[in-house]
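The values are calculated or read from the model by the stated rules, or taken from the named source; none is laboratory data. Every value quoted in this text rests on a predicted model; they were computed, and no experiment measured them. Here the Cβ is made from the backbone with ideal geometry for all residues, glycine too, and neighbour counts use every protein chain on show.
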Amino acid sequence: MSDTRTLMSATVAQDLDTIKGWFNASDRRMFARILERQARLGELGDVVELGCYLGKSAVLIGDYLRPGETFTVLDLFESDAPDAENSVEMQRSYSTLTQAAFERNYLRFHPDLPVVVKAPSSAIVDHVAPASCRFIHIDASHLYEHVATDVDSACKLLRPDGIVVFDDFRAEHTPGVACAVWEAVLNKGLQPICLTESKLYGTWGDAGGVRADLEAWLSHDPFGFVETQRVAGHPMLRAKVRLAPAPAVAHPSAPKPAAPIPEPHPRTGLRRIAKDWLPPVVHARIAAARRR
């Protein structure tokens with residue numbers, strides 16, 4: 001596992017931002033905090049990402065993979081969508097997505113690829129064992145029917161205290177995600193942990209411990225904000241957190257700062273006074289005599 005402080009700095013954020021995609025500051029740091037906590041508590045298990053686009057979030061998740069664990073990434077990539085509505089969605093938003101592009105980006109940051117599955121998200125249960133996962137990120141289809149299936153798959157694949165993250169649960173163009181996620185909270189036992197600008201974090205286990213850890217962290221982080229809200233009797237955090245600013249580094253082509261002006265020698269000050277106050281003819285004769 002690499003130094004997680006670098007993942008939260010603006011310098012490496014710039015490296016991640018060379019990968020096209022959507023992964024804001026709050027979620028980069030939230031992923032890092034949750035995955036760090038799992039490592040700190042010795043929570044083992046596999047990791048899954050449904051919908052990886054070009055690898056931006058997968059690169060960060062892969063940094064927290066431990067020996068013996070498997071990271072499985074599933075996406076349609078350039079294959080055909082399972083239905084006409086999903087096909088329209090793919091053409092509109094993900095026409096540049098290819099498996100080769102994802103793998104190229106991932107290998108810029110990690111020596112080995114995760115297990116890559118090219119299939120609809122519903123197929124994940126055929127590739128990952130039940131109750132084997134500690135962390136699942138769902139960012140595949142935005143259509144209600146598909147997300148509802150992804151909810152059921154996550155419930156089946158997660159370990160008792162595993163965490164699932166749903167992307168785009170409140171964007172105006174993705175009402176199907178919102179419908180499926182809140183349905184899971186109201187009717188399927190999903191316990192919400194927190195929400196950011198883009199994602200909702202939840203578990204089918206005990207949400208209290210991880211919620212308390214996140215609240216304590218964000219309350220003391222100089223770049224964080226957190227508050228507690230209740231929805232239908234469920235407490236959850238609303239959180240925002242920025243990346244730590246990188247130290248200022250001058251661009252190589254930037255002009256160099258001017259050298260400081262030395263303090264004048266005491267006689268320099270006297271000469272300036274003499275020039276200002278003596279008649280010009282007298283000052284000229286004194287200067288000529290000094291030159292001689």
(request) Determine, yes or no, whether PHE135 is of a type in the set (Phe, Trp, Tyr), in contact with a Cys (Cβ under 8 Å, 6 or more places away or on another chain) and at pLDDT 95 or above. (result) no
(message) It is to be established whether one or more residues within segment 16-39 are surrounded by 21 or more Cβ atoms within 10 Å (Cβ to Cβ), out of contact with any strand residue (DSSP E or B) (no Cβ under 7 Å at 6 or more places or on another chain), β-branched (Val, Ile, Thr) and modelled with pLDDT under 95.
(response) yes
(message) Just to verify a result, which residue in segment 151-173, among those that are among the charged types (D, E, K, R) and surrounded by fewer than 19 Cβ atoms within 10 Å (Cβ to Cβ), is farthest from LEU195 (Cα to Cα)?
(response) LYS156
(message) Restricting to segment 129-150, name every residue that is buried (at least 22 other Cβ atoms within 10 Å of the Cβ) and either assigned to a helix (DSSP H, G or I) or among the acidic types (Asp, Glu) (or both).
(response) ASP139, HIS146, VAL147, ASP150
(request) Working only within segment 40-58, note down all residues that are over 15 Å from PHE71 (Cα atoms) and outside any loop (DSSP other than H, G, I, E, B). (result) ARG40
(request) Consider LEU65 carefully, then state whether it is more than 23 Å from ILE19 (Cβ to Cβ), modelled with pLDDT of 95 or more and surrounded by fewer than 20 Cβ atoms within 10 Å (Cβ to Cβ). (result) no
(message) Consider segment 104-128. How many of its residues are under 14 Å from SER57 (Cα atoms), in contact (Cβ under 8 Å) with a residue 24 or more places away in the chain, part of a helix (DSSP H, G or I) and not hydroxyl-bearing (Ser, Thr, Tyr)?
(response) 1
(request) Identify, from the list LEU35, LEU50, LEU65, LEU60, the residue that is of a type in the set (A, V, I, L, M), farther than 18 Å from LEU158 by Cα and within 17 Å of the chain's Cα centre (by Cα). (result) LEU60
(message) Against the condition at negative phi, small (Gly, Ala, Ser) and in a loop (DSSP other than H, G, I, E, B), how does GLY209 come out, does it pass?
(response) no
(request) Provide a single number: the residues in segment 155-205 that are under 21 Å from the mean Cα position of the chain (by Cα) and among the basic types (Lys, Arg). (result) 2
(message) I'm trying to understand the selection: among the residues of segment 186-200, which are touching a helix residue (DSSP H, G or I) at 6+ places or on another chain (Cβ under 7 Å), of a type outside the set (Val, Ile, Thr) and assigned to a strand (DSSP E or B)?
(response) GLN191, PRO192, CYS194, LYS199, LEU200
